[in-house]
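Novice: Following this message is one structure expressed as structure tokens.
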Amino acid sequence: MTTLIAVRNQAQADLLVPRGLAEPADLHLLAAVPLEGPLDVEHFFDPGGYYSCGGIPECECAGCMAVRNWPRDDDLCYITPRGVICGGGEKPLHPAWVRGLRDQCLAAGVPFTFLGWGEWSPGYGPTRCRKAIVHPSGNWAVDISNPSYFDGWLAVHRAGQKHSGRELDGQVWDQRPEVSE
């Protein structure tokens, strides 16, 4: 059984990831779709310092029960996401958010899949398309006549989900977790 933990932002991740990891499953996946800002999920990947519920003393989730019964012969005492899926939606997506999530996954050895930019693609695009700018903080503005790069703002154009693409830094990220049978 697979548990998919869907979040859009850091507040949802902090609330929903521990709850999702507490659910019994063969595979826990984190889906940040549509991603609406930077996500720090590194602490969820740390197998030595994370309890699946946050370590509440009265908790009886699988992670906490395993920690209370430490030491154990296997490495299942902590539950961590075994894959991350990320993508855009209706709002512009800043590449720094996707890179940050990808880099956290690579550092932890967690498979990363980037589904695509959503409606908005990085760059200026064709002359007639709608333009916007997006900031790493999550702020964005649409219909900018002359978008430019300054103070972290990035120009994006509305290409539509079918045309916005799936490449991040020249590569399609389509990693999958290994599933034991």
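The values are calculated or read from the model by the stated rules, or taken from the named source; none is laboratory data. Everything numeric in this text was worked out from a predicted model, so none of it was measured. Cβ atoms come from the backbone with ideal geometry, glycine included; neighbour counts cover every protein chain shown.
Novice: Among the numbered conditions (1) surrounded by 15 or more Cβ atoms within 10 Å (Cβ to Cβ); (2) modelled with pLDDT under 90; (3) over 16 Å from Glu90 (Cα atoms), tell me where Ser180 comes up short.
Specialist: (1)
Novice: Continuing with the same structure: Out of curiosity, is Cys53 modelled with pLDDT of 50 or more, part of a loop (DSSP other than H, G, I, E, B) and under 22 Å from the mean Cα position of the chain (by Cα)? Quick ask: steps written out before the conclusion?
Specialist: On the way: modelled with pLDDT of 50 or more: yes; part of a loop (DSSP other than H, G, I, E, B): yes; under 22 Å from the mean Cα position of the chain (by Cα): yes.
Taking the combined requirement at face value, the residue satisfies it.
Novice: How do the pairs read when you match residues in segment 155-180 that are free of Cβ contacts under 8 Å to residues at least 60 places away in the same chain with residues anywhere that are part of a strand (DSSP E or B) and surrounded by fewer than 16 Cβ atoms within 10 Å (Cβ to Cβ), using Cβ under 6 Å and keeping only pairs 6 or more apart or on different chains?
Specialist: Sorted first by the residue in segment 155-180, then by its partner, the pairs are Arg166/Val172.
Novice: Being in a loop (DSSP other than H, G, I, E, B) and touching a Cys at 6+ places or on another chain (Cβ under 8 Å) is the filter here, so list the residues in segment 21-46 that pass it.
Specialist: Step one: list which residues in segment 21-46 are in a loop (DSSP other than H, G, I, E, B), which gives 23-26, 33-41, 46.
Val33, Leu35 - these are the residues of segment 21-46 that are in a loop (DSSP other than H, G, I, E, B) and touching a Cys at 6+ places or on another chain (Cβ under 8 Å).
Novice: So the check is Cβ under 7 Å with 6+ separation or different chains; which pairs have a first residue in segment 138-149 that's under 13 Å from His94 (Cβ atoms) and a second one that's in a loop (DSSP other than H, G, I, E, B) and at pLDDT 65 or above?
Specialist: Partner pairs satisfying both residue conditions: Gly138/Glu36; Gly138/Gly37; Trp140/Lys91; Trp140/Pro92.
Novice: Okay, moving on. Go through segment 1-26 and give me each residue that's hydrophobic (A, V, I, L, M, F, W, C) and modelled with pLDDT of 85 or more.
Specialist: Leu4, Ile5, Ala6, Val7, Ala11, Ala13, Leu15, Leu16, Val17 - these are the residues of segment 1-26 that are hydrophobic (A, V, I, L, M, F, W, C) and modelled with pLDDT of 85 or more.
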